[in-house]
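See below for the structure under consideration.
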Amino acid sequence: MAENGRMTAEQAVDKILGSEHADVIRESVRFMVAELMEAEVSALIGAELGERAPERRSSQRNGYRERGWDTRVGELELAIPRLRSGPGYFPGFLEPRRRAEQALVAVVQEAYVNGVSTRKVDRVVEQLGVRMTKDQVSRLCQRLDEQVAAFRERPLEGGHPYLWLDAKQEKVRDGAHVVSKAVVIAYAVHETGRREVIGLDVGEIESEAFWREFLRSLRRRGLDGVRLCVSDAHEGLKNAIARVLGCPWQRCTVHFVRDMHQHCRPSQRALVSAALREVFNADSYDQARERVGTVIEQLEPTATKVAELLADAEPDLLAFYRFPPEHWTKLRSTNPLERVNREIGRRTDVVGIFPNDASLIRLAGMLLIEQNDEWLVGRRYLSHESLAALAVQGTELSARAVLETEQSQSEKETETAKETTALAA
């Protein structure tokens, strides 16, 4: 062995050639890859395996995690080094989105072997050469499903002050019929400022009962401390948020503007968009309310329906103004999630019609696992300073709520005393 505890190339060759049943090429690739990963980790943390170098070491090794790697010499089981702190390590020779592409292939294969594929899927099968037996597809899907299930069922630790909910309609085969089902995804910002994918499900319809059960499943896993929930105006969602989470709801302002375009003439759409932008780019909550009144007066004569809908939706559209100004651009819409949604749509468009719910969850789940990994090792979405301001604001709001409750109770007691005195007289 070398001084640092790693096997030298000469020792590895002797071991491989000395084995009676050795696959020389396969074992050579395994050795080369293992050494490459150790070299990358050493460069990343500034110290070799087992080396004492506190003056330049930035992190400690923390065991290994297993991952399969498909190569021309067969599938290799890699032991990828883990780090105790820092951005984490991912081998430079692996494709970060390999799991998602594997999930896409698995869905295409499943659709094909079950005889429910479309011409689009048939074309992909021909181009990729992904024909497999039902048993092979079943084993591949089971392995992927286990990873997705572990991700969907993991405990949620710490607080998540902000929650975004999004839904996307996809076509799924149900017996002899093709039905539209909603892929529902929950994203949140953790109290540390990092984004996180915390939930995924598929539902028959978007209804209050469906949303209630989805939100309750998040609560059972540990979702806590939600201060604001952001989404489009899905059917039944607002009531479900109030009943399960008990927090304010922020209606997506971007989707609201698009909806308003359907209630005015094409020639008025630029005017409506510009007027609503003024509301959503105000400097304060009070200024935003003033602008809402101005816009309603401006639109009422020519776009009456838009003015009515704006008046009804005002509290839900302006909810984000109650939070730190540094967070406003991220809280007023679901737009920060558009890139993730496009990635999911790009894959689901290839499939067209999913053979069952499990295949849809599998593909979306693998994409979301990889997105979650990127967010965990990337930059914080919200700064510590702005989250500290949110915590202070929460304390002030709680104190104000207690004071208002006490004042209300005192007023009720005074009123009751007056009524009692009046009756006695």
**Message:** Multiplying the sequence separation of residue 392 and residue 312 by 0.36 nm and subtracting their Cα-Cα distance, what value in nm do you get?
**Reply:** 25.7 nm
**Request:** Provide the packing ranking of 333-344, 158-169, 264-275, i.e. peptides ordered by the mean count of other C-beta atoms within 10 Å per residue, highest first.
**Result:** 158-169, 333-344, 264-275
**Message:** At 7 Å along Cα-to-Cβ for each site, give me the label-to-label distance between residue 75 and residue 329 in nm.
**Reply:** 4.5
**Item:** Angstrom value of the Kirkwood radius, inverse mean 1/r, which spans all Cα pairs in segment 281-343
**Value:** 13.2
**Message:** Starting from 0.36 nm per residue, how many nanometres of slack lie between residue 143 and residue 338 once their C-alpha separation is accounted for?
**Reply:** 67.3 nm
**Complete:** Expected vector for segment 38-51, Karplus 3J(HN,Hα) from phi with 6.51, -1.76, 1.60 and θ = phi - 60°, integer Hz, x for Gly and Pro, equals 4, 5, 5, 5, 4, 5, 5, 9, x, 7, 6, 4, x, 7
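By how many nm would the segment from residue 265 to residue 278 lengthen if fully extended, with 0.36 nm per residue of separation less the alpha-carbon distance?
The residue 265-residue 278 span can extend by a further 2.7 nm.
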**Request:** Give the carbon-plus-sulfur fraction of the accessible surface of segment 210-332 in %, rounded to a whole number; probe 1.4 Å, heavy atoms of protein chains only.
**Result:** 45
**Request:** Would you calculate the separation in nanometres between label points at residue 65 and residue 178, each defined as 7 Å from the Cα along the Cα-to-beta-carbon direction?
**Result:** 3.7
**Modelled FRET efficiency - R0 41 Å, residue 84 with residue 220, Cβ distances, 0.05 increments** = 0.85
**Complete:** Links exceeding 26 Å between C-alpha atoms in this model, out of 168/330; 181/330; 168/238, come to 181/330
**Item:** Whole-number percent relative contact order across segment 163-222, with pairs defined as alpha carbons under 8 Å at least 6 apart
**Value:** 25
**Complete:** Between the modelled labels at residue 376 and residue 35 (7 Å from Cα along Cα→Cβ) the distance in nm is 3.1
**Asked** Heavy-atom accessible area per residue, segment 231-297, 1.4 Å probe: how many Å²?
**Response** 52
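The values are calculated or read from the model by the stated rules, or taken from the named source; none is laboratory data. Nothing here was measured: the structure is a model prediction, and the numbers come from that model. Neighbour counts run over all protein chains shown; Cβ positions are idealised from the backbone, glycine included. Ligands, DNA and RNA are excluded from the accessible area calculation, which covers all protein heavy atoms including side chains. Shrake-Rupley method; radii C 1.70, N 1.55, O 1.52, S 1.80 Å.
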